[in-house]
1. With a 10 Å Cβ neighbour count serving as the proxy for reagent exposure, in which order, fewest first, do T77, T162 appear?
2. What does the charge count near A87 come to, summing +1 for each Lys or Arg and -1 for each Asp or Glu among other residues with Cβ under 13 Å from its Cβ?
3. What full-extension length gain, to one decimal in nm, is calculated for R157 and D45 as 0.36 nm per residue of separation minus the Cα-Cα distance?
4. At 222 nm, what helix-only mean residue ellipticity would the chain give, in deg cm²/dmol to the nearest 500, using -39500 (n - 2.57) for each DSSP H run of four or more?
5. Go ahead and set up a Gaussian network model of the chain, Cα springs under 10 Å, then flag whichever of A196, A132, A57 fluctuates most.
6. Name the residue, out of I59, I114, I183, whose mean-square fluctuation peaks in a Gaussian network model built on the chain with Cα pairs under 10 Å.
7. When the chain is modelled as a GNM with alpha-carbon springs shorter than 10 Å, which of D241, D152, D133 fluctuates the most?
8. Please list the non-local residues whose amide H lies under 5 Å from the amide H of A67, H modeled 1.01 Å from N, same-chain partners needing a gap of 5 or more.
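Quick note: the coordinates plus some simple rules give every number you see, no bench work behind them. Everything numeric in this text was worked out from a predicted model, so none of it was measured. Cβ coordinates were reconstructed from backbone atoms using ideal geometry, including for glycine residues, and neighbour counts include every protein chain displayed.
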Amino acid sequence: MTEQAWSTGVTKIVPNSVRVRGYDIAELMGNASFGQAVYLILRGDLPDEATGKLIEAMIVSSIDHGATPPSVLAARTVASTGATLSASVAAGIMSINNHHGGAIENCARQLGVIIARADGGDLEQAATDQLADWKSEGKRMSGFGHRVHSNDPRTGRLFELTREAGAFGAHCTAAMAVEKVFIAGGRPLPVNVDGAMGAILADLGFEPEVMNGFFMIARVPGLVAHVREERSRMRPMRKIDPNNHDYDGPDERSMSL
Ligand SMILES: CC(C)(COP(=O)(O)OP(=O)(O)OC[C@H]1O[C@@H](n2cnc3c(N)ncnc32)[C@H](O)[C@@H]1OP(=O)(O)O)[C@@H](O)C(=O)NCCC(=O)NCCS
């Protein structure tokens, strides 16, 4: 008895042909940016160049954030045991959750709640009331605050590119309102890169369920670099102190644009 066929709408493979969401892979190669291709595979259609540039900038923004994020510590710890590249990188990916890299989806959902509460009216008032409710429930506003940055260098650039792409909408506006409410409350908590991505992806119309995937897509090259460095420079099973390290890579340099 043959099993009933199941369907996939992502990529069609027949001998000598690969079509992603209908597009010939050879046509995409060299013509579509990685940002456009990521949008295509997740949404089903190719975006315009500005949107592709914005998606790609999000991916670049989160390619790495030094040696201290939990995902890097997890990947390096596993690598230090002699694990394979895939096992080590997987350990890093498994550390991407609610509080690290996974605030994108929650931020988008929370901004949606604030927008609904404002119901077309005063966003700042709605944000004030909603944040007070969440605080009394012991719930944080995802996508705000940072252990290191008081002004995340990545978010301003992302919002600039969002405006260039004509995508700055209700969620980005709500994120600005939340930032103002935190300042007014005497505890400035800046939008962090996760928060910016949540707001932007929501304004681009992405479903929340895929949003945290952007951080994973972005962070894999960084994790591979850290795992490779761990395996090539460090002693096996060393004690990894998250704070006691320095940087000995290239000095500051610029692309001279
Ligand atoms: C990222 C984060 C862990 C950094 O925290 P931190 O600077 O070490 O600050 P702490 O966790 O010590 O919190 C300090 C105070 O600020 C408050 N606070 C920090 N971030 C907050 C947020 N996003 N929403 C509401 N309150 C927040 C805490 O409740 C705490 O208040 P208290 O002193 O009254 O208890 C934190 O800001 C956070 O949980 N953010 C939301 C999750 C997130 O966006 N993660 C992605 C980071 S890129």
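1. Least crowded to most crowded, the residues run T77, T162.
2. Value of the local net charge: +1.
3. Between R157 and D45, full extension yields an extra 37.8 nm.
4. Rounded to the nearest 500, the figure is -17500 deg cm²/dmol.
5. A132
6. Residue with maximal mean-square fluctuation among I59, I114, I183: I183.
7. D241
8. none
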